[in-house]
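Enquirer: Here it is, the structure in full.
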Amino acid sequence: MKGDLFSSQHMVQPAVEPGMTVENAKCIKYTVNSEMYARQGAMIAYRGGLQFERKGQGVGGMLKRAVTGEGLPLMAVRGQGEVWFAHEAQNCFIVDVEPGDQFTVNGRNVLCFDASLSYEIKTVKGSGIAGGGLFNSVFTGQGRLGLVCEGNPLVIPVSAQYPVYVDTDAVVGWTAHLQTSLHRSQSIGSMLRGGSGEAVQLMLQGEGFVVVRPSEATPQKAQQH
């Protein structure tokens, strides 16, 4: 066979070492040598001796399922082999979590992660009932976390002098040591008159980084996730 389809641009590369790598902008490859975790339905291809098991209530007490706006149904992948993950042709990125780090991420943006990472769903502090029940996934430990994002994400530094306000439908995640609260950017009178459509944002204060995507989740998209 010949043609652009069979060029090196599209051909998968041999695995160099176990773990997670970006195969291309829309796909993550994981060379499994024991166990790892991914969102259900994200596997697009695999080879080798691998088993996939849906996990609704957790693996060894580490994975917890909660009812969030988008949900995070997970599966365990065990054995030895290679597996490729993708989600709706969204862009893929890898975050290296080091000991002492904590990365809070929206469940809709989680694609896959190392079994060495601990995972917990928590309520976003300061969101309250007015936030519509904001839940995020908090990752700690040491390992790699694969994320998906509609478009190229923006990484915005946050400092004590310059807090950052983000749309709750656009935020992907943020680093440790940031405090969160809801911020109302328009008055009740303005809201009654129709307002701008951007009434409430998530305010982040402290020292760190917040990641946002260049699009907002629609109710239809959220239900599909």
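The values are calculated or read from the model by the stated rules, or taken from the named source; none is laboratory data. Because the structure is a prediction, the values reported are computed rather than measured. Every residue, glycine among them, receives a Cβ derived from its backbone with ideal geometry; neighbour counts consider all protein chains shown. In case anyone asks, the SASA skips ligands and DNA or RNA and just uses the protein heavy atoms, side chains included. Shrake-Rupley method; radii C 1.70, N 1.55, O 1.52, S 1.80 Å.
Enquirer: Please work out which residue is surrounded by the most Cβ atoms within 10 Å (Cβ to Cβ), limiting yourself to segment 25-37 and to residues that are of a type outside the set (Lys, Arg) and in contact (Cβ under 8 Å) with a residue 60 or more places away in the chain.
Expert: Residue satisfying both the conditions and the ranking: TYR30.
Enquirer: So which of ARG78, ARG108 ends up being closer than 19 Å to MET43 by Cα and touching a helix residue (DSSP H, G or I) at 6+ places or on another chain (Cβ under 9 Å)?
Expert: Result: ARG108 is the single residue among ARG78, ARG108 that is closer than 19 Å to MET43 by Cα and touching a helix residue (DSSP H, G or I) at 6+ places or on another chain (Cβ under 9 Å).
Enquirer: Just checking, how many residues over segment 38-59 are modelled with pLDDT of 95 or more, under 25 Å from the mean Cα position of the chain (by Cα) and either of a type in the set (Val, Ile, Thr) or open to solvent by less than 60 Å² (accessible area, probe 1.4 Å) (or both)?
Expert: Number of matching residues: 5.
Enquirer: For the subset of segment 91-133 comprising residues that are modelled with pLDDT under 80 and among the β-branched types (Val, Ile, Thr), which member is nearest to ALA176 (Cα to Cα)?
Expert: VAL124
Enquirer: Among the residues of segment 198-225, which ones are open to solvent by 70 Å² or more (accessible area, probe 1.4 Å) and at pLDDT 60 or above?
Expert: Of everything in segment 198-225, those that are open to solvent by 70 Å² or more (accessible area, probe 1.4 Å) and at pLDDT 60 or above turn out to be GLN205, GLU207, PHE209, PRO214, GLU216.
Enquirer: Next up: Considering only segment 141-153, state which residues are open to solvent by 50 Å² or more (accessible area, probe 1.4 Å) and modelled with pLDDT of 95 or more.
Expert: Residues satisfying the conditions are GLN142, ARG144.
Enquirer: A further question on this structure: Identify, please: which residue in segment 15-24 is out of contact with any Lys or Arg (no Cβ under 9 Å at 6 or more places or on another chain) and farther than 13 Å from VAL148 by Cα and is, among those, least open to solvent (accessible area, probe 1.4 Å)?
Expert: The selected residue is PRO18.
Enquirer: Kindly indicate the residue of segment 76-91 that is part of a strand (DSSP E or B) and surrounded by fewer than 22 Cβ atoms within 10 Å (Cβ to Cβ) and also nearest to the chain's Cα centre (by Cα) among those meeting that condition. Step through it out loud before you land on a result.
Expert: Step one: of segment 76-91, the residues part of a strand (DSSP E or B) are 76-85, 91.
With the extra rule that they be surrounded by fewer than 22 Cβ atoms within 10 Å (Cβ to Cβ), the set shrinks to 76, 78-82, 84, 91.
Details: ALA76: 17, ARG78: 21, GLY79: 24, GLN80: 25, GLY81: 24, GLU82: 21, TRP84: 17, ASN91: 11 Å.
Across segment 76-91, the extreme among qualifying residues is ASN91.
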